[in-house]
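What follows is one structure encoded as structure tokens, with my remarks underneath.
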Amino acid sequence: MTTVWASLLGFALAYAGMSCLSFAMDRHHEQLTRGREVPARRRVGLRVVGAALLVAAIVPCVTAWGATVGPVAWLGFLSAGALPVALLLTSFAPWLIAPLLMVGGAYL
């Protein structure tokens, strides 16, 4: 795996994980669904999937850069994945997060 593909995959997984974790929160789920609360089962499911995606994001990093630099790159991708989610949720377009997630998933 080249470092370019590892970077894209690490960022995409981190973005997806951060999106799932943010949608597990009542406030952000209501922004996305226009006022509906998060059911308890969906909240738990989103948290589990989000955490699993964040953990899965370390695999391409360690594969591409090794055990010494890989975790550092992973932490950077976690930060980079959280930034667009936070900016879109707090600014103007919380509805744009899910389509970006689908486009990124279809691309990879």
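R0 = 22 Å: FRET efficiency of T2 with L75, Cβ-based, nearest 0.05? Write out the running numbers ahead of the final one.
Details: r = 21 Å, r/R0 = 0.94.
So, using R0 = 22 Å, E works out to roughly 0.60.
How much length would be gained if the chain were fully extended between A40 and L87, taking 0.36 nm per residue of separation minus their Cα-Cα distance, in nm to one decimal? Intermediate values should be presented prior to the final figure.
Working: separation 47, 0.36 × 47 = 16.92 nm, distance 2.61 nm.
Extra length available between A40 and L87 comes to 14.3 nm.
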Accessible area per residue in Å² at 1.4 Å probe, computed on region 19-99 = 59
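The values are calculated or read from the model by the stated rules, or taken from the named source; none is laboratory data. As the structure is a computational prediction, the values presented were derived from the model and not from experiment. Counting neighbours? That spans all protein chains shown, and the Cβs are built from the backbone with ideal geometry, glycine included. Side chains are part of the model used for accessible areas, which takes the heavy atoms of the whole protein and leaves out ligands, DNA and RNA. Shrake-Rupley method; radii C 1.70, N 1.55, O 1.52, S 1.80 Å.
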